[in-house]
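Peer 1: Please find one structure pasted underneath; my questions will follow.
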Amino acid sequence: MVHFPVNHPARPIYRVLAGLVGLYILVFGVWGVALTWGDPLFARDGDWALGLRTNLAFSLASVVFGIVLIVGASRRGNLGHYMNLTAGVIFLVTSILMMSVLQTEANFLNFSMSTVVVSMIFGLLLLGTGLYDKVGTDEHAEELRQHRNHPVHETHLRRP
């Protein structure tokens, strides 16, 4: 999309931020798996890891997402860009859905309100990093920059 900046100067910082989010999620998932190993997959016990309530299913999903985010942050191409955008949307949608079923039996990932808030923050961070870490050629980036700075072309200024 032309709205995404290409070769943003702060791209390395955004990738590091996405990698740190992925690292936290991976550590949380590994810790959660260690705490909940042997419990039913969708147990609704009071197991907490790194300040967030979890069960075995949520911990295993966190391990997978953590690895995916770290791999995406380590790539120089646009794979990380698309992975961060996708993961950001998934985190936001999941947090909203889990918040809507927080006090019901449908809370199969054993979310608490703190887990919802952290998931929303991570979703917004990943969405933001995904918006600014698109990679392209220098010519493409310059063309988009010129278009943003001068959106009205000479052909539109001439009257027939």
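Peer 1: Tell me, which residue of region 51-65 that is assigned to a loop (DSSP other than H, G, I, E, B) and either of a type in the set (Val, Ile, Thr) or out of contact with any Gly (no Cβ under 9 Å at 6 or more places or on another chain) (or both) is nearest to Leu35 (Cα to Cα)? Walk me through how you get there before you give the answer.
Peer 2: Our first condition is that a residue be assigned to a loop (DSSP other than H, G, I, E, B); within region 51-65, this holds for 51, 54-55.
Filter once more, so that each one left must be either of a type in the set (Val, Ile, Thr) or out of contact with any Gly (no Cβ under 9 Å at 6 or more places or on another chain) (or both): 51, 54.
Numbers: Gly51: 13, Thr54: 9 Å.
Taking the candidates together, the pick is Thr54.
Peer 1: Same structure, new question: Determine which member of the set Thr54, Thr94, Thr104 is open to solvent by less than 10 Å² (accessible area, probe 1.4 Å) and of a type in the set (Val, Ile, Thr).
Peer 2: Details: Thr94 fails: open to solvent by less than 10 Å² (accessible area, probe 1.4 Å); Thr104 fails: open to solvent by less than 10 Å² (accessible area, probe 1.4 Å).
Matching residue, one of Thr54, Thr94, Thr104: Thr54.
Peer 1: Same structure, new question: If you check Gly72 against the conditions, is it surrounded by 21 or more Cβ atoms within 10 Å (Cβ to Cβ) and out of contact with any His (no Cβ under 6 Å at 6 or more places or on another chain)? Reasoning before the result, please.
Peer 2: On the way: surrounded by 21 or more Cβ atoms within 10 Å (Cβ to Cβ): yes; out of contact with any His (no Cβ under 6 Å at 6 or more places or on another chain): yes.
So Gly72 passes the test.
Peer 1: Kindly provide the set of residues from region 39-51 that are open to solvent by 60 Å² or more (accessible area, probe 1.4 Å) and under 21 Å from Leu17 (Cα atoms), ordered by number.
Peer 2: Answer for region 39-51, where residues must be open to solvent by 60 Å² or more (accessible area, probe 1.4 Å) and under 21 Å from Leu17 (Cα atoms): just Leu50.
Peer 1: What tally of residues in region 66-102 results from selecting those that are part of a loop (DSSP other than H, G, I, E, B) and either within 14 Å of the chain's Cα centre (by Cα) or at pLDDT below 90 (or both)?
Peer 2: Within region 66-102, the first condition is being part of a loop (DSSP other than H, G, I, E, B), and the residues that meet it are 75-78, 101-102.
Pick out the ones that are also either within 14 Å of the chain's Cα centre (by Cα) or at pLDDT below 90 (or both) and you get 75-78.
The total comes to 4.
Peer 1: Another question about this same structure. Tally time: how many residues in region 15-45 are farther than 10 Å from Ser59 by Cα and in contact (Cβ under 8 Å) with a residue 40 or more places away in the chain?
Peer 2: Number of matching residues: 13.
Peer 1: For region 7-28, check the following and say yes or no: at least one residue is more than 17 Å from the chain's Cα centre (by Cα), surrounded by 17 or more Cβ atoms within 10 Å (Cβ to Cβ), β-branched (Val, Ile, Thr) and not in a loop (DSSP other than H, G, I, E, B).
Peer 2: No, because not a single residue in region 7-28 is more than 17 Å from the chain's Cα centre (by Cα), surrounded by 17 or more Cβ atoms within 10 Å (Cβ to Cβ), β-branched (Val, Ile, Thr) and not in a loop (DSSP other than H, G, I, E, B).
The values are calculated or read from the model by the stated rules, or taken from the named source; none is laboratory data. Please read all numbers here as calculations on a predicted model, not as lab measurements. Cβ sites come from the backbone with ideal geometry, for glycine too, and all protein chains shown count toward neighbours. Just the protein is used for accessible areas: all its heavy atoms, side chains included, with ligands, DNA and RNA removed. Shrake-Rupley method; radii C 1.70, N 1.55, O 1.52, S 1.80 Å.
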